[in-house]
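Only one structure is covered here, and it is reproduced in the block below.
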Amino acid sequence: MDAAADYAAVRRALTNANLPAYVSYVVRSHAGFDAIHGDDTTTIVVRTSDGKIISGKPPKIEVASGHEYGSDVVRHGPFDPACYQASSATLTTFESHAVEAIALRAVCHEKHDTDHSDDTEFTTLYADPVTHRPLAVVGADSEQFVNVHLDERFVVASGFVLPATFTVKIAGSGPMFWLNVDARVSFSDYRFMSALP
């Protein structure tokens, strides 16, 4: 296995070259903070030439003091493959399937990019060991009293690899607080259009 070459193949798959002019998708979000819960469903339409959202408003998820995830997922999903390098790769099992686990090292914060300096980082990407199609990417961060877990899954829609779900769990406790945050966003019903209807 060649971690760098395999990760390069994953990045190519996530680039989604030759997207049509517009993509629409349905976003279903659930957010919970202790006993308070909220759900929302909206349709997003993105112009792929510049990533501009033409219709709809994506939900925003903020992870601790780090990055706020809330843009379109066609060109700017929660996982930005350009901000990571592969450090190793092994064969393993993920959810009862044989996969390649690519260990990731974050690089954007090394460039003193303040947008990424406090991010909770993705640490492992799971891909099909033959096609190198990304299946999931996960990460975790533990600070004093607080644990954060990130999980993004991918789906193939009309030959394009796009996010299917993104989950954030934050839990912790200390002498004066208890924290239990659970946010989940699903992306479905992808439609690809050469022009707006």
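Within the stretch 41-58, residues that are closer than 15 Å to TYR190 by Cα reach partners that are modelled with pLDDT of 90 or more and of a type in the set (Asp, Glu) with beta carbons closer than 9 Å, at six or more positions or on different chains, in the pairs THR43/ASP189. Tell me which of these PHE122 doesn't satisfy, since it passes every other one: (1) assigned to a strand (DSSP E or B); (2) among the aromatic types (Phe, Trp, Tyr); (3) farther than 19 Å from ASP189 by Cα; (4) under 10 Å from the mean Cα position of the chain (by Cα). Only one criterion in (1) assigned to a strand (DSSP E or B); (2) among the aromatic types (Phe, Trp, Tyr); (3) farther than 19 Å from ASP189 by Cα; (4) under 10 Å from the mean Cα position of the chain (by Cα) is unmet by PHE122, namely (1).
Within the set ALA82, ALA86, the sole residue that is under 16 Å from the mean Cα position of the chain (by Cα) and either charged (D, E, K, R) or at pLDDT 90 or above (or both) turns out to be ALA82.
Scanning the stretch 133-153 for residues that are within 20 Å of THR93 (Cβ to Cβ) and either in a loop (DSSP other than H, G, I, E, B) or free of Cβ contacts under 8 Å to residues at least 60 places away in the same chain (or both) returns ARG133, LEU135, ALA136, VAL137, VAL138, GLY139, ALA140, HIS149, ASP151, ARG153. Condition first: out of contact with any Lys or Arg (no Cβ under 9 Å at 6 or more places or on another chain), outside any loop (DSSP other than H, G, I, E, B) and at pLDDT 95 or above. Can you find one or more residues in the stretch 162-178 that meet it? Yes, the stretch 162-178 has at least one match.
The values are calculated or read from the model by the stated rules, or taken from the named source; none is laboratory data. Everything numeric in this text was worked out from a predicted model, so none of it was measured. As a convention, Cβ positions derive from the backbone with ideal geometry for all residues, glycine included, and neighbour counts pool all protein chains shown.
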